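Here, each number is a calculation from the coordinates, and none is a lab measurement. Quantities reported herein were computed from a predicted structural model and do not represent experimental measurements. Don't worry about glycine lacking a Cβ; one is built from the backbone with ideal geometry, like all the others, and counts go over all protein chains shown.
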Ligand code: ARG
């Protein structure tokens, strides 16, 4: 009698602790669907190549159909003793269809099997994530559209810099999530290559047809070196890096939402369904969702480092270390997927308070640059204009007034080039409208950008 599921080679069973330590079934069972998909494609090829009979293939198909049903119905018995998802399914298949089940693993190893499974799984996850990124971008476009003319102060160093339009600010994130989508799609190209056929590490002695399997599974190509195929997880690392960047963008946006919702700032409100209260302070309404997203970014960054570290010390080819790739990868997918879904929804739950934004933009001399530009257009070198306006701002700070509160005579004291039309550039509307070029904050440009993005998003 065999001591363990995989081999008669062993003379004593592993301890329960070792069994639990080495098993992965409780987290890799989520690969069941793609594992079956991969096995069916492999069996189809084996039959095509006359490595197994058509009857065996039919039996495998039948058995796998039942296994799928059992899993879907929650009736499949996952056994720790059978280590991982692959052995669990293969064992059940053999119970159901006998020798045909035992022939499935011909010309294959769990090493190329698991690498294939992860790629199939990740390809699906990337497609879902790209769909969610699109939804988020559409939701942000809608928000931007409602606020092409809403003015708020733009900040650098968290100090009031220049007036901007809120729509323009929101579109900055639409750009970021657009590049994130490109990164995901680019990563997908390298995910979508077939490891099967590499077998354990060196290939197989059977007359397999790898291109046939690749075509069945929708892979663009086969991995062209068997050692590389089973041992590298760079595609998963690349995905985690792309995911970390998505989360980084989400986190920056979250930080802004939290600041904007603070009563001290009061630029926005977030719908109650995304916030929670305090168990002690009755007045509280906390922006939990953005705060948690900011926090979860750390966890996703951690997964990226975990995978990089997992890989760096491994000699070729497969090592069991690689079993540790799954939990970080799955958690990255889950965290990112949930976060994007919730943010796409939350974008529609943001109430903007234009008066508060406007009041803030009127403080802090946001139009000082406009005054300097005005003087330049009247012939003053920019550095001199900068200095003249700096003196004017200093005067206003001392007097606790705004630049636009000064009379024409007072302004002339800082530069004789100032005329009555100066007040047009000192207004918030004049300031934003003047930045009317591609990429600028003018409402006209924001509308053009929205139209362009809508067209791109289809
Ligand atoms: N559960 C393993 C993993 O996730 C499958 C491959 C195991 N291969 C082996 N020779 N032990 O990587």
To the nearest 10 degrees, how steep is helix 110-146 against the longest Cα principal axis of the chain, on a 0 to 90 scale?
20
So for R0 = 30 Å, FRET eff. of residue 286-residue 241 from the Cβ-Cβ r, to 0.05, ends up at 0.45
With a point put 7 Å past each Cα toward its Cβ, work out how far residue 75 is from residue 454 in nm, to one decimal.
5.2
So how tilted is helix 368-377 from the main axis of the chain? Cα-based, degrees 0 to 90, rounded to 10.
70
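Tell me the Kirkwood hydrodynamic radius of region 16-106 in angstroms, computed as one over the mean inverse distance between distinct C-alpha pairs. Please list the in-between numbers first.
Details: mean 1/r = 0.0747 Å⁻¹.
This gives a value of 13.4 Å.
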Suppose we look only past 31 Å in the calculated P(r) of the chain. What percent of the Cα-Cα pairs does that tail hold?
57
On a 0 to 90 degree scale, rounded to 10, what angle separates helix 54-72 from the longest Cα axis of the chain?
50
Kirkwood Rh, region 362-457, all Cα pairs: how many Å?
14.5
